[in-house]
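As C-alpha coordinates, the structure follows; a few thoughts come after it.
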Amino acid sequence: MQPPQFQQRLIIDRHDSSLGQWLLAVLLPNAALKPYIREIWYIEGDSSVTRESILPQGDAVLMFSFGTRHGVVDDTGQVETFDQAWFSGIQQGPLLVDSADGSHLMGVRLTAPGAWRLLSIPMVETQ
(Lines give C-alpha, C1' and ligand atoms only; values in the text may rest on other atoms or scores of the structure.)
Protein backbone atom coordinates (compact mmCIF):
# COMPACT_ATOMS: atom_id res chain seq x y z
CA MET A 1 0.00 0.00 0.00
CA GLN A 2 1.24 3.46 -0.90
CA PRO A 3 1.77 6.14 1.76
CA PRO A 4 -1.15 8.66 1.93
CA GLN A 5 0.79 11.44 0.14
CA PHE A 6 1.12 9.20 -2.97
CA GLN A 7 -2.42 7.78 -3.06
CA GLN A 8 -4.64 8.79 -5.97
CA ARG A 9 -8.26 7.99 -6.73
CA LEU A 10 -9.56 6.97 -10.17
CA ILE A 11 -13.28 7.23 -10.92
CA ILE A 12 -14.64 5.63 -14.10
CA ASP A 13 -18.20 6.21 -15.33
CA ARG A 14 -19.66 4.51 -18.40
CA HIS A 15 -22.91 5.95 -19.68
CA ASP A 16 -25.33 4.44 -22.19
CA SER A 17 -28.81 5.93 -22.63
CA SER A 18 -30.97 7.82 -25.10
CA LEU A 19 -28.73 10.84 -24.37
CA GLY A 20 -25.69 9.02 -25.79
CA GLN A 21 -22.87 6.68 -24.98
CA TRP A 22 -19.61 7.76 -23.38
CA LEU A 23 -16.81 6.95 -20.98
CA LEU A 24 -15.60 9.45 -18.38
CA ALA A 25 -12.52 8.78 -16.26
CA VAL A 26 -11.43 11.22 -13.53
CA LEU A 27 -8.14 10.96 -11.66
CA LEU A 28 -8.03 12.83 -8.36
CA PRO A 29 -4.40 13.70 -7.64
CA ASN A 30 -2.34 12.66 -4.66
CA ALA A 31 -1.57 15.05 -1.78
CA ALA A 32 1.67 16.26 -3.40
CA LEU A 33 -0.17 17.48 -6.53
CA LYS A 34 -3.44 18.61 -4.90
CA PRO A 35 -2.30 22.24 -4.42
CA TYR A 36 -1.76 22.48 -8.21
CA ILE A 37 -4.11 20.02 -9.92
CA ARG A 38 -7.76 19.62 -9.00
CA GLU A 39 -8.32 16.68 -11.37
CA ILE A 40 -7.21 15.02 -14.59
CA TRP A 41 -10.05 13.77 -16.76
CA TYR A 42 -10.63 11.85 -19.98
CA ILE A 43 -13.85 11.54 -21.96
CA GLU A 44 -14.79 9.83 -25.18
CA GLY A 45 -18.14 9.18 -26.80
CA ASP A 46 -21.18 10.74 -28.39
CA SER A 47 -24.10 12.65 -26.97
CA SER A 48 -27.40 13.86 -28.42
CA VAL A 49 -26.66 17.14 -26.59
CA THR A 50 -24.13 19.05 -28.69
CA ARG A 51 -23.94 22.26 -26.64
CA GLU A 52 -23.20 22.44 -22.94
CA SER A 53 -23.15 25.40 -20.57
CA ILE A 54 -20.28 25.17 -18.08
CA LEU A 55 -20.56 27.29 -14.95
CA PRO A 56 -17.50 29.17 -13.61
CA GLN A 57 -15.50 27.04 -11.17
CA GLY A 58 -12.54 29.24 -10.26
CA ASP A 59 -10.03 26.94 -11.95
CA ALA A 60 -8.17 26.92 -15.25
CA VAL A 61 -8.43 23.98 -17.63
CA LEU A 62 -5.93 22.74 -20.22
CA MET A 63 -7.58 20.38 -22.72
CA PHE A 64 -6.27 18.19 -25.51
CA SER A 65 -8.43 16.90 -28.35
CA PHE A 66 -7.83 13.47 -29.89
CA GLY A 67 -9.65 13.91 -33.18
CA THR A 68 -12.87 15.74 -32.37
CA ARG A 69 -13.37 19.47 -32.80
CA HIS A 70 -14.71 21.56 -29.95
CA GLY A 71 -15.51 25.21 -29.75
CA VAL A 72 -16.77 28.04 -27.61
CA VAL A 73 -19.93 29.86 -28.64
CA ASP A 74 -19.66 33.65 -28.27
CA ASP A 75 -22.45 36.16 -27.56
CA THR A 76 -23.27 36.45 -31.29
CA GLY A 77 -23.66 32.68 -31.75
CA GLN A 78 -20.36 32.26 -33.61
CA VAL A 79 -18.26 29.22 -32.69
CA GLU A 80 -14.50 29.56 -32.20
CA THR A 81 -13.20 26.06 -32.93
CA PHE A 82 -10.26 24.32 -31.23
CA ASP A 83 -8.83 21.33 -33.09
CA GLN A 84 -5.93 20.15 -30.90
CA ALA A 85 -5.57 22.04 -27.62
CA TRP A 86 -7.45 24.62 -25.61
CA PHE A 87 -6.74 26.59 -22.45
CA SER A 88 -9.65 28.02 -20.50
CA GLY A 89 -8.80 30.44 -17.71
CA ILE A 90 -11.02 31.95 -15.05
CA GLN A 91 -14.54 32.58 -16.36
CA GLN A 92 -16.75 35.50 -15.36
CA GLY A 93 -19.90 33.71 -16.49
CA PRO A 94 -21.10 30.46 -18.06
CA LEU A 95 -19.10 29.11 -20.99
CA LEU A 96 -21.15 27.63 -23.85
CA VAL A 97 -19.21 24.75 -25.41
CA ASP A 98 -20.03 23.22 -28.80
CA SER A 99 -19.06 19.57 -29.40
CA ALA A 100 -21.16 18.55 -32.41
CA ASP A 101 -18.64 15.87 -33.47
CA GLY A 102 -18.71 13.97 -30.17
CA SER A 103 -15.95 14.02 -27.58
CA HIS A 104 -12.50 12.53 -27.34
CA LEU A 105 -10.69 14.80 -24.88
CA MET A 106 -8.28 14.82 -21.99
CA GLY A 107 -8.12 17.73 -19.57
CA VAL A 108 -6.22 18.95 -16.56
CA ARG A 109 -8.13 21.22 -14.14
CA LEU A 110 -5.52 23.49 -12.54
CA THR A 111 -5.82 25.45 -9.31
CA ALA A 112 -4.66 29.10 -9.34
CA PRO A 113 -1.20 28.11 -8.02
CA GLY A 114 -1.05 25.30 -10.59
CA ALA A 115 -1.87 27.65 -13.48
CA TRP A 116 0.77 30.08 -12.15
CA ARG A 117 3.39 27.30 -12.08
CA LEU A 118 2.51 26.32 -15.67
CA LEU A 119 2.08 29.78 -17.26
CA SER A 120 3.88 32.21 -14.92
CA ILE A 121 1.01 34.70 -15.24
CA PRO A 122 -1.69 35.64 -12.72
CA MET A 123 -5.03 33.80 -13.10
CA VAL A 124 -6.84 37.12 -13.55
CA GLU A 125 -4.98 37.46 -16.89
CA THR A 126 -6.31 34.11 -18.16
CA GLN A 127 -9.91 35.24 -18.56
Of the residues in the stretch 8-37 that are assigned to a loop (DSSP other than H, G, I, E, B) and in contact with a strand residue (DSSP E or B) (Cβ under 8 Å, 6 or more places away or on another chain), the one that is least open to solvent (accessible area, probe 1.4 Å) is PRO29
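Per-residue answers, yes or no, for (1) within 29 Å of GLN7 (Cβ to Cβ); (2) in contact with a helix residue (DSSP H, G or I) (Cβ under 6 Å, 6 or more places away or on another chain):
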| site | (1), (2) |
| --- | --- |
| ALA32 | yes, yes |
| GLU39 | yes, no |
| ASP98 | no, no |
| GLY102 | no, no |
Answer yes or no as to whether ARG69 is closer than 24 Å to ILE43 by Cα, modelled with pLDDT under 90 and among the basic types (Lys, Arg). yes
Checking the structure you have, find out if any residue of the stretch 48-66 is at pLDDT below 90, over 13 Å from the mean Cα position of the chain (by Cα), among the hydrophobic types (A, V, I, L, M, F, W, C) and over 18 Å from LEU24 (Cα atoms). no
Subset of the stretch 105-126, residues within 11 Å of ASP59 (Cα to Cα) and of a type in the set (S, T, N, Q), comes to THR111, THR126
With the stretch 41-127 as the region, which strands (runs of 3 or more DSSP E) entirely inside it contain at least 2 residues that are open to solvent by 60 Å² or more (accessible area, probe 1.4 Å)? 51-54, 79-82
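The values are calculated or read from the model by the stated rules, or taken from the named source; none is laboratory data. Treat the numbers as computed from the prediction; the structure is a model and nothing was measured. FYI the Cβ positions are ideal-geometry reconstructions off the backbone, even for glycines, and counts take in every protein chain you see. Areas reflect the complete protein model, heavy atoms only, side chains present, ligands, DNA and RNA absent. Shrake-Rupley method; radii C 1.70, N 1.55, O 1.52, S 1.80 Å.
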